[in-house]
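Throughout, read-outs are computed from the coordinates displayed, never taken from laboratory work. Since the structure is predicted, the reported quantities are computational estimates derived from the model, not experimental observations. Note that we place each Cβ from the backbone using ideal geometry, even for glycine, and neighbour counts take in every protein chain shown.
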Amino acid sequence: MNILFCNITYLNNYIGITDEDMPNKGGEWVEKNKDAHEQWNFLNYNGYCYGFVMNKGDRFSIERINEDAKRNDTVDDVTVVWCALNDNNETVIVGWYENATVYRYYQNSVVTPAFGLDRWYFTKAKAENCYLLPETSRNFVIGRASVEGKGKGFGQQNYWYAESSYAREELIPQVVDFLNEHKHERINRIDSDFCAPENLSEPLTESEISKANEHFDNSEDFDYLPYGYRMFESTQNADHAYNIATALAALHQYKSALNWFEKVVEIEGDSWETNSQLPYLYQQCEMYEESIEAAEKLFKYKEATEENVRHEIFGIIADNNYYLDRIQEGIEWLNKILAESKDEILLKHTASVKEEWRSLI
Amino acid sequence: MPLKNNLTISKIIKRYIKMRGYTIKQVADKLGRNYKTLDGILCRDTVDAELLFEFANLLDIDLCWMAQLFEKRRPISFLEQYQMSRMNPEMREGELKVVLSYLDRYITEIPDSINEIKAELMRSFNQMFYLLDVLLPENYIIRISVERDREKYYCMPLQTVEQTSRLGRGRNATTQFYEGHEMLKRIILERKAEINR
């Protein structure tokens, strides 16, 4: 069995700052953890969870997970067991990923100027295969080698390959039983949580409309979404579709958001407002050809005659070409910016990017 | 019941009067206007354009900044994002004391919910931009987009904007434009931490 134990900060939800994960631990915790990448380990990010653990070095010895990975940079089908120190000073299992890919080196998430979360990760798994336990079930203790003895728990690093005979013969079978027993209790969001609710065709009451508006105004997108779907079901107009699209995008469900923006266009036709969202959204979904097409479509709008906007579009197309490994084409779009822009910061940055890209040809 | 501190043009003018070290009577004298009339106008919040310009000249009020608080916005897409003018630093110093007094009170009264604290602040001040403008240090820029009549604010330290621009692969933290609500939550969290230290 491919397995890896990781020791991270103790949180409730691991989806960023929430009321349940608002630390009461004081200034030091906030300073240390407010941008800690593991706080998003169970965030459903476009259908996947991306995991981070602090590594004192710069790589993971993935061949220790599976010796076949010796010459590779990834190993698949790993069970990543997430552990954290609770208030009783015990390191307990808080959740796990199944069928995860583990990378030798840290990876940077896909991010655009409009969408995405800029963070590092070293493992990823489909959200459906990720299980975060409620607090009440976080009671399986994983020891520390310094206390239990060599090979019987975490050492100096925040991850443990669990290669000892104790781990393989005693601990891991118990862990596997524990995971199987508690799968049904997961509290993290899977894809179906972002879909239309079961009571879709029930019209909203006055009080529900008021609640929906409050959630919407406060950018409480997950709470808004079920109401949003019902509103659209009741009145299939572009505004409702647009609100669902933006809520989904804010919740990092970019593919679903794209479908809803496309619905907006179906209902009300092309508009600058909707179409200007698409290039970055396609880019966020790594659909670079579609992103180029969507960006080029924007030139027909009067808004695109404004210099900043025009150069932004050039930049989007340049980036997409870069991502498609069409470096020379990307450079040609950078040259358009260099030829037209009077913005010194933009010119300096563009020139520097051009040099960087030229060195790759 | 939340305390209300809804902004009006008159309230802002009165704050500037105080900040510049004047009384309303002194301002009336300088403008060649009747004190009681002027005071009445400010109480009823019925400042007309001509008077507003006179106030702006005398008190050095940034009308562009002020207009941002009250104007009905046209649609502004994400690609066009408009950068907002920041409040005069002297004014911010005074406003910060007011806003922090509300924030600290809500932090004490509602220790377990950042969302609820944020909601109370919004109910008290009714203006996301104003709150961000007061609470964020001067080196932050605030941009706005308006989609389907919904205003969205994006905040980022200026140095990061200069470093990353909007182009090129490998830029760091390009989306660390924090959206307004997210930024407010972070500010509340940091204030809580400061209080708890």
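Ignoring lysines fewer than eight residues from residue B:18 along the same chain, the ones with Cα atoms less than 24 angstrom from its Cα are B:4, B:30, B:36, B:97.
Across region B:9-61, Cα pairs under 8 Å and at least six residues apart give a relative contact order of 43 percent. With θ taken as phi - 60° and the Karplus curve 6.51 cos²θ - 1.76 cosθ + 1.60 applied, the whole-hertz 3J(HN,Hα) list for region A:78-88 is 9, 8, 9, 9, 8, 10, 7, 7, 8, 5, 8 Hz, x standing for glycine and proline.
Listed peptides A:147-157, B:11-21 appear in the order B:11-21, A:147-157 once ranked by packing, highest mean of other Cβ atoms within 10 Å at the front.
Within the listed set A:93, A:15, A:331, the Gaussian network model of chain A (springs between alpha-carbon atoms below 10 Å) gives the highest mean-square fluctuation for A:331. Nearest 10 degrees is fine. How inclined is helix A:206-217 to the longest principal axis of chain A, computing both from alpha carbons? Approximately 90 degrees, to the nearest 10.
For chain A, the longest principal axis of the C-alpha atoms and the axis of helix A:307-323 are separated by about 50°.
The residue list B:134, B:68, B:103 was ranked by how far each Cα lies along the charge dipole of chain B toward its positive end, using unit charges on Cβ atoms, and B:103 comes out on top.
Within the listed set A:129, A:41, A:308, the Gaussian network model of chain A (springs between alpha-carbon atoms below 10 Å) gives the highest mean-square fluctuation for A:308. Note on chain A: helix-only mean residue ellipticity at 222 nm, from DSSP H runs of 4+ residues weighted -39500 (n - 2.57) and normalised by residue number, equals -12000 deg cm²/dmol.
Remark: region A:270-361 carries a charge dipole of roughly 260 debye about the Cα centre, counting +1 on each Lys and Arg Cβ and -1 on each Asp and Glu Cβ.
Sequence-distant contacts, meaning Cα pairs under 8 Å at least 6 residues apart, place the relative contact order of chain A at 12 percent. Binning the C-alpha pair distances of region B:9-61 at 5 Å intervals from 0 yields a P(r) profile of 4, 22, 39, 30, 5 %, listed from the shortest bin outward.
The residue among A:248, A:361, B:46 whose Cα reaches farthest toward the positive pole of the charge dipole of the protein assembly as shown, with charges on the beta-carbon of Lys, Arg, Asp and Glu, is B:46. Dividing the convex hull volume of the alpha-carbon atoms in region A:195-269 by its residue count gives 77 Å³ per residue. Residue A:92 sits among other residues whose Cβ lies under 13 Å from its own Cβ, and their net charge, with Lys and Arg +1 and Asp and Glu -1, is -1.
What is the helix-to-structure angle for A:221-234, meaning the angle in degrees between its Cα long axis and the longest Cα principal axis of chain A, kept from 0 to 90 and rounded to the nearest 10? Helix A:221-234 sits roughly 50 degrees off the main axis of chain A. Placing +1 on the Cβ of every Lys and Arg and -1 on the Cβ of every Asp and Glu, with nothing else charged, gives chain A a dipole about its Cα centre of roughly 1400 debye. Looking at the square roots a ≥ b ≥ c of the eigenvalues of the Cα gyration tensor of chain A, which shape do they give, rounded for a/c under 1.5, prolate if a/b is larger than b/c, or oblate? Oblate, since a/c reaches 1.5 and b/c is not below a/b. Measuring nothing but how far apart in sequence close Cα pairs (under 8 Å, 6+ apart) lie, relative to its length, chain B scores a relative contact order of 22 percent. Checking Cβ-Cβ separations below 4.7 Å across the protein assembly as shown identifies A:6, A:83, A:195, A:285, B:43, B:64, B:155 as cysteines lacking any candidate disulfide partner. Summing Cβ point charges (Lys, Arg +1; Asp, Glu -1) relative to the Cα centre of region B:9-61 gives a dipole of roughly 300 debye. Each of A:228, A:6, A:37 was placed along the dipole of the protein assembly as shown (beta-carbon charges, centred on the mean Cα), and the one lying farthest toward the positive end is A:37.
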